[in-house]
Amino acid sequence: MKPLKVSIITAAYNSDKYIKQTLESVKDQDYDNIEHVLVDGGSSDKTNNIIQSFPHITNYVSEPDKGIYDALNKGISRATGDIIGFVHSDDFLHDQHVISNVAEYFKQHPYVTGVYGDIVFINDEGNIVRYYSSKNWKMDHFKLGKMPAHPSFFARKEVYESYLFDTQYKIAADYDQMLRTFKDPEFKFDYVPLITTSMRLGGASTDGLKSNIRINKEILNICRVNGVRTNYLRIYSKYPSRILEFVKGRLNSN
């Protein structure tokens, strides 16, 4: 049987500070059948020079876009793999076995439409400061503004043929896409105990009070549109649990 082809999509814009590590983490995977799709938003720094120095990248476009979710949709339209996942340009795959482990799970579980696992957040020194596990996540947690760790989400292409990112949302379109996807009874998703991604603090969804207010406003609207009964009190109740994620992150850094 031909091995499953895995498309990894990376959206970039003026990302020359960290993107080399992102690209290396994909190039160094111990799984052969990987397509790395790069969508650059027309960077003015050295991002494109760095991308072009990696010969494994053959599916690449650089042009203006309407934001990260528009770029990710472009990447999806260009992807030719059986499985699609995302690695953002500030982040990297946690180790060289991530894709082989994901592909093997899909091979062994052909009924599964998608999988999700765990991620870690790192600081500027590369130390783990937060451990975000999706192990105990449940559908009912959407009303709390919680979703499985999106960077750990790998899904068959038919998921994205049905559900793209809604670009009206500027910071929570991944939450919206996962909510609509997980509500679909045609799809089956499994948790896998695997750290897929190391993320840097300070991204659009983790960058302080202003981003938290904005993302929770979008989440509330998404829930209302999708018939999920919630309110701000429920949504903001998720924050105390993050203290445990930081504690676990510190323990895993030692």
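Brief remarks on what is shown
- Taking all protein chains together, Arg224, Arg234 sort by accessible area into Arg224, Arg234, largest first [probe 1.4 Å].
- Using θ = phi - 60° in the Karplus curve 6.51 cos²θ - 1.76 cosθ + 1.60, the 3J(HN,Hα) couplings for region 70-77 round to 5, 5, 5, 5, 4, x, 4, 5 Hz; x is entered for Gly and Pro.
- Which of Ser100, Ser77 is most accessible, then next, and so on - probe 1.4 Å: Ser77, Ser100
- Surface accessible to a 1.4 Å probe, Phe165 within the full protein complex, Å²: 10
- In summary, the lysines within cross-link reach of Lys170, defined as a Cα separation below 17 angstrom excluding same-chain residues under 8 places away, comprise Lys66, Lys74, Lys210, Lys217.
- Within the accessible area of the chain (1.4 Å probe), percent carbon and sulfur: 50
- Listed candidates (1) 1.14; (2) 1.19; (3) 0.96 - label of the one calculated as Cα Rg over 2.2 N^0.38 Å: (3)
- Looking at region 1-132, the accessible area is 45 square angstrom per residue; that uses a 1.4 Å probe and ignores ligands, DNA and RNA.
- Stretched out straight at 0.36 nm per residue, the stretch from His56 to Lys143 would grow longer than its current Cα-Cα span by 27.2 nm.
- Extension gain from Lys46 to Asp95, taking 0.36 nm per residue of separation minus the Cα-Cα distance: 15.1 nm
- Take each peptide in 129-138, 170-179, count the other Cβ atoms within 10 Å of every residue, and average; sorted highest first, the result is 170-179, 129-138.
The values are calculated or read from the model by the stated rules, or taken from the named source; none is laboratory data. Because the structure is predicted, anything quoted here is derived from the model rather than measured. A quick note on method: Cβ atoms are made from the backbone with ideal geometry, for glycine too, and the neighbour counts reach across all protein chains shown. The area values use the complete protein model at the heavy-atom level, side chains included, leaving out ligands, DNA and RNA. Shrake-Rupley method; radii C 1.70, N 1.55, O 1.52, S 1.80 Å.
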